[in-house]
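Written below as structure tokens is the structure these notes are about.
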Amino acid sequence: MATKEYDVLIVGSGHSGGMAANILTQKGISCLMLNAGPEADMARDRTTKTVWDLPYRGFGKPGRLPHVYQATEFTANQWVDEKEVPYTHDPAAPYNWVRVRLLGGKSLFWGRQSFRLSDFEFKAADIDGTGDNWPISHADLDPFYSRVEGILRVSGRKEGWPQFPDGNFLQADYANDSGSIKKISELGASRGILFSKIRAANGRNGLASSINLLLPDALASGKLQIVPNAIVREITVDKNTGLANGANFVDRHSRQEMHVKARAVVVAAGTLESTRLLLNSGIGNSSGVLGHYLQDQIYGVTVVASVPEARDGKNPEYMGGSALVPRFRNLKKGEKHNFIKGYGMLINSGGAASPGYFADYGEGLQKRLDSYAGSCVSASIYGERVPRFENHVRINKTVSDEWGIPVLHIDVRDSANELNMAKDAAATAEDLLKAAGWEILSKTDKFYPPGYSIHEVGTCRMGDNPKSSVLNKWSQSHDVRNLFVVDGGSFVTCGWQNPTLTILALAMRASEYMADQMQKRII
Amino acid sequence: MQTIAAAPAVPVLLTPQANAQQTAAPTAAQPIAATKAGTVAEPVTRFFTAPQFAALRKLAEVLMPPIGGNPGALDAGAPEFLDFLIGVSPVERQQLYRTGLDLLNARATKQFNKSFAALDAKQADTIIRPLLVPVPWPYDPPKDPGSHFLIAAHDDIRTATRNSREWGAAAAASGRRGGGGQQYWNPVDPIYKG
């Protein structure tokens, strides 16, 4: 029977767990990684199929993944089965928790948009006049951002705007903007709305995942072992020292209960799974804020217009391309809006019209779709939700998953701030597109339920005060000094930006600190 | 990726045992001349009532006729497929369809003293057109139940038609792109393999 004690136990194999493994093994620290799901083999586990060969013609099995709007019948098997690992919420307050348990986690499938947070997010309380600042600033994270950008091979256009910090970008070869993008960029500039470009991780061979960018080096060091199908039930604690000393886990197939020993524990299971694990373990919550301040971004607010001179296949060179509009609201003190924080916009040119935009059918509808094809410009919004104590998760003791582990109850509700921000975003996008002389086809200020963005963060927030935060500025538990949470759980504010780059930078920074503390025998 | 398994959890002896039980591949036999079911039998519905299904067929015929060399909804078997799909859908979806199809029949009877299925195209339009409204966002359906149903059914009929084997064949025959293969994720190491 194995009785080995590892230096560090890492729970989770996505970007943050992969980064922890990568950094710690480079420092000579032995690591064991437990991952709740199996390893996927892209060749073995994927098959080319036509949609008509699927049992449900592409609709997917009804009711199978009611919270995963992103799922298709092609991808249904990549997501966590909601019956196997359920969660609960008030029916009147739905939450879309989108999960992957394959080795590599969500890093296998992420959209690869890579934006830094700025001090408008790190020091949000100073600007908003409410809430909390992070205990770190952009300057603290800047060197780690740069290294992560190098690993992910992020391309981007440098702008010099403080709300959209530049980074260590590959030289991007952006094509000249199409006429439609130029026009709307100029209109935006005249309104103080600046247009930039998507910043994206190129990765390697189309993949920017922990499994190809982070874990291979860790494995090559000989210091990492990975156990798939190992579902961690609880982190165990030495009763005498109060320190974490390993974890109990259950094998997914045999259901054998097991225990592994470690000198320190890194939790990197994804924001909500990490918090669920801490809550089920009964640790790290002397502040009472564990599970609170759950946030993500509002997605769904969209305005679509058609460029008349590009209809019926005319002037195709006028169309095409995209632009990224970083946050422009509430950057200056004294701005008066009925909401705090702000939103970004993604502009796409050259798309098709949706049939739902027209009250028509049959040949009449088809003629319209043919005429409008390629003439559309859309503006989609990424809006920042306000971190609120009331938006929280807790353990639902009456419901357990397939392995008898109590599940989460998620309680998140939007406030007037989100609703007002969405209205402002839709009105602003409409104003821009109308000013261009284009026909508005569709406008909605409605948005998806919380969680839809798959950018859930918070619930283990960091801070200097142990009475109001779970982690310190190094992502280290205030209560259990050999316990680190390195995924999105530590976020104090979510920003409008995709969080992955920040999660990776924080995980790198925390892991280097942890290694230093271990080498000095402080941990 | 090199991984290790949880120590006692993996039944490592399974592979040789499975190999030992393998039998020789069957030898090729003469192909059996199969008869297509549609040539000897009539389809029956499993979920909708006969009047509801007749209304659904009419709706599909009107909303998605054959256009530009593409098959229409009836050619693609969209109503029959939706009878299956809605029959295994959550009860809210089932109720939306049943109520909506009953509504079409009720309005057709009231205005023309006929079932919806018996209407000509112009008559059907007078029932359908008032229910059609633009939908800026699919997750914010119209409040009116009739409009909600029509928008949902229209979308489903279009998708069932465009994702049909018949649509793909027509696209391939005309040299257009027609929903070629996509990467499908098989179940990855599922717990229940039976």
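Rule-based calculations on the coordinates, nothing more; no lab input. The structure displayed is predicted, hence computed values, not measured ones. Every residue, glycine as well, gets a Cβ built from its backbone with ideal geometry; the counts of neighbours run over all protein chains shown.
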For this session: Answer with one residue from A:S178, A:L369, A:Y6: the one whose Cα lies farthest towards the positive end of the charge dipole of chain A, charges on Cβ with Lys, Arg +1 and Asp, Glu -1.
Result: A:Y6
Seminar exercise, completed: Protection proxy (average C-beta count within 10 Å per residue), highest first, orders A:390-398, A:14-22, A:485-493, A:231-239 as A:14-22, A:485-493, A:231-239, A:390-398
Problem set entry | Charge dipole of chain A about the Cα centre (unit charges at C-beta), most positive-ward option of A:G129, A:S354, A:G342 | A:G129
For this session: Holding the Cα-Cα limit at 23 Å, pick out from A:K182/A:K333; A:K158/A:K182; A:K314/A:K367; A:K367/B:K58; A:K183/A:K314; A:K223/A:K473 the pairs that are longer than that.
Result: A:K182/A:K333; A:K223/A:K473
Exercise. Cα centroids of the stretch A:476-495 and the stretch B:116-173: how far apart, whole angstrom?
Worked result: 49
Exercise. For the stretch B:44-171, with the dipole built from +1 on Lys and Arg beta-carbon atoms and -1 on Asp and Glu ones, taken about the Cα centre, which of B:A160, B:T45, B:G68 lies farthest toward the positive end?
Worked result: B:T45
Exercise. Shielding of B:128-140 by partners, i.e. mean partner chain Cβ atoms within 10 Å per residue?
Worked result: 6
Problem set entry | Residue exposure sequence - A:E317, A:E82 - by fewest surrounding Cβ within 10 Å | A:E317, A:E82
Problem set entry | Approximate spin-label separation A:I522-A:N202, in nm, with each point projected 7 Å along Cα-to-Cβ | 3.8
Problem set entry | the protein assembly as shown, dipole about Cα centre (Lys/Arg Cβ +1, Asp/Glu Cβ -1), debye to the nearest 20 | 220
Seminar exercise, completed: Contact order relative to length for chain A, counting C-alpha pairs under 8 Å separated by 6 or more residues, stands in percent at 23
For this session: Enter the Cα centre distance for the pair the stretch A:354-374 and the stretch A:235-302, rounded to the nearest angstrom.
Result: 50
Seminar exercise, completed: Listed with the fewest Cβ neighbours within 10 Å leading, A:D479, B:D120 appear as B:D120, A:D479
For this session: Check cross-link reach from A:K83 to the lysines: straight Cα distance under 23 Å, and skip same-chain residues fewer than eight apart.
Result: A:K61, A:K106, A:K397, B:K193
Seminar exercise, completed: With a Förster distance of 45 angstrom and the Cβ-Cβ distance between A:N248 and B:V91, calculated FRET efficiency to the nearest 0.05 equals 0.65
Problem set entry | Nearest-20 debye value, the stretch B:44-171 charge dipole, Cβ charges on Lys, Arg, Asp, Glu | 240
Exercise. What number comes out for the charge environment of A:I298, summing +1 per Lys or Arg and -1 per Asp or Glu over other residues with Cβ under 12 Å away?
Worked result: -2
Problem set entry | Alpha-carbon gyration tensor eigenvalues x 5, square-rooted, for the stretch B:44-171, Å | 21, 17, 16
Seminar exercise, completed: The local net charge around A:A373, scoring Lys/Arg +1 and Asp/Glu -1 for residues other than A:A373 whose Cβ lies under 10 Å from its Cβ, equals 0
Problem set entry | For a label point 7 Å along the Cα-to-beta-carbon line of A:A359, residues of the stretch A:434-457 with backbone N under 18 Å | A:440-444
Problem set entry | Residues A:D312, A:D7 arranged by fewest to most Cβ contacts within 10 Å | A:D312, A:D7
Exercise. In nm, to one decimal, how far is the modelled label at A:S400 from the one at A:K446, with both set 7 Å along Cα→Cβ?
Worked result: 4.0
Problem set entry | Globularity index of the stretch A:159-310, i.e. its alpha-carbon radius of gyration over 2.2 N^0.38 Å | 1.62
Seminar exercise, completed: Calculated from DSSP helices alone, with each H run of at least 4 adding -39500 (n - 2.57) and the total divided by the residues of chain A, [θ]222 nm to the nearest 500 comes to -7000 deg cm²/dmol
Problem set entry | Cα pair distances in the protein assembly as shown, grouped into 10 Å bins until the bin that holds the longest one, percent each | 3, 13, 21, 24, 19, 13, 6, 1, 0
For this session: Starting from the Cα of A:K336, draw a straight line to each of the aspartates and glutamates and keep only those under 15 Å, dropping any in the same chain fewer than 8 residues away.
Result: A:D128, A:D424
